[in-house]
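Student: Have a look at the structure that comes next, please.
Values quoted throughout were computed directly from the atomic coordinates according to the rules given, and no laboratory measurement underlies them. What you see is a predicted model, and the numbers here were worked out from it, not measured in a lab. Every residue, glycine as well, gets a Cβ built from its backbone with ideal geometry; the counts of neighbours run over all protein chains shown.
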Amino acid sequence: MHSISDIKQGVAKGDFLLLAKAISFIENNVVAANTFLEALVPAQVPIMGITGPPGAGKSTLINALISTWVEEGKKVAVLSVDPSSPFHQGAILGDRIRMKDWYLHPQVYIRSLASRGHLGGLNMAMLSMTTLMQSAGFDYIVVETVGVGQSEVEIASLADTTVVVLVPEAGDEVQMMKSGLMEIANVFVVNKSDRPNAQIFVNHLKQMIAENTSSQLAPAVVSTIATEREGTSDLLKAMEAHQLAMQDGLQKKEMFFNKVVQLIMASKMNQVDIEKVKISLASECTRPNFNVFKFAQTFY
Ligand SMILES: Nc1nc2c(ncn2[C@@H]2O[C@H](COP(=O)(O)OP(=O)(O)O)[C@@H](O)[C@H]2O)c(=O)[nH]1
Ligand SMILES: [Mg+2]
């Protein structure tokens with residue numbers, strides 16, 4: 001494995017080959033990668049999570065944000081996961097088209113992750129990769145995930161700032177997922193504001209926020225038209241304001257606590273031979289009065 005300083009040098013020159021190799025290494029060698037990950041020296045680059053239903057305009061929005069950052073001379077990393085299409089490449093191809101300007105750009109690194117097949121789970125993969133990006137010299141790190149109620153990636157436990165992207169027609173949906181979304185969103189984006197009734201939806205959303213959160217924790221609401229790059233500077237301002245507000249705050253501590261819990265759980269799981277569990281379970285579970293607690297206990 002190359003050292004992180006070699007990887008960083010590559011990134012500085014716009015050559016992402018060593019970075020890509022490090023990612024593959026992490027994906028394929030959970031235990032061996034630990035030594036590499038433990039040696040990283042992550043900078044305090046905030047991780048921005050962008051989530052929301054499929055088609056809301058997350059990738060288009062990220063595309064617009066990248067434009068702004070690239071113009072400022074910054075380096076940007078985008079990690080994108082679409083758990084709704086585990087084997088189908090469609091969503092990833094769609095993002096490739098949406099963000100096509102950036103795939104070969106020396107300031108931008110975009111990586112799509114399959115939602116399954118990661119040793120140690122997707123959350124672990126994301127945690128490792130965002131830490132790697134923080135250590136590799138990027139100025140901005142964005143993670144795109146599809147949020148559909150029970151997102152496979154708990155983006156909120158991974159991101160410093162979580163942006164939930166909705167569209168004006170999302171009224172009922174919001175009602176449905178109200179509690180969950182209210183908890184994770186630091187910023188709401190109402191994208192496709194070129195559509196009729198966008199303002200009504202914004203007002204409705206603001207009202208729901210006021211009813212459900214205390215004023216200090218209230219997420220900002222930003223209207224955008226991602227395809228026109230409209231509202232992106234407001235979005236940037238809202239994200240920056242949130243990052244300022246969370247410095248050393250309770251939310252930051254909670255985020256790190258969640259990460260540490262995930263790592264402890266993963267390392268405990270590494271001590272278990274999961275194949276052995278499966279084989280043993282196959283014969284045991286058909287017995288009458290099979291007790292799952294008693295069975296699991298033999299593997300602790
Ligand atoms: N009218 C309109 N269409 C948009 C806007 N933003 C994105 N779209 C379109 O919505 C579709 C889905 O966008 P995409 O970024 O792939 O959504 P994602 O699945 O959330 O990443 C694409 O056809 C975009 O061109 C917007 O602000 N207004
Ligand atoms: Mg997308």
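Student: Let me test this: with uniform point scatterers at the alpha carbons of segment 202-288, what is the Debye-based log₁₀ I(q)/I(0) at q = 0.18, 0.23, 0.26 1/Å?
Tutor: So the normalised log intensities are -0.94, -1.17, -1.18.
Student: Sticking with this one: Dividing the convex hull volume of the alpha carbon atoms of the chain by its residue count, what do you get in Å³ per residue?
Tutor: Here the figure is 158 Å³ per residue.
Student: Under a point-charge model restricted to the Cβ atoms of Lys and Arg (+1) and Asp and Glu (-1), what is the dipole moment magnitude of the chain relative to its Cα centre, in debye to the nearest 20?
Tutor: 560 debye
Student: Here is a further query. Can you name the helices of the chain, as whole DSSP H runs, whose Cα span along the helix axis is 27 Å or more and whose Kyte-Doolittle mean is not below -1.0?
Tutor: Qualifying helices: 250-270.
Student: Above 15 Å lies some portion of the pair distances; for segment 194-236, what is it as a whole percent of all C-alpha pairs?
Tutor: 51 percent
Student: Given only helices, namely DSSP H runs of n ≥ 4 each adding -39500 (n - 2.57), what is the per-residue ellipticity at 222 nm of the chain, to the nearest 500 deg cm²/dmol?
Tutor: -15500 deg cm²/dmol
Student: Still on this structure, please answer the following. Have a look at Ser80, Asn203, Phe293 and report the one farthest towards the positive end of the charge dipole of the chain, computed about the Cα centre with Cβ charges (Lys/Arg +1, Asp/Glu -1).
Tutor: My answer, from the dipole projection, is Phe293.
Student: Sticking with this structure for a sec: By per-residue mean of other Cβ atoms within 10 Å, what is the highest-first order of 14-27, 52-65?
Tutor: Descending packing order for the listed peptides: 52-65, 14-27.
Student: Same structure, new question: What residue among Met124, Met133, Met246 has the largest mean-square fluctuation in a Gaussian network model of the chain, using Cα springs under 10 Å?
Tutor: Maximum among the listed residues: Met246.
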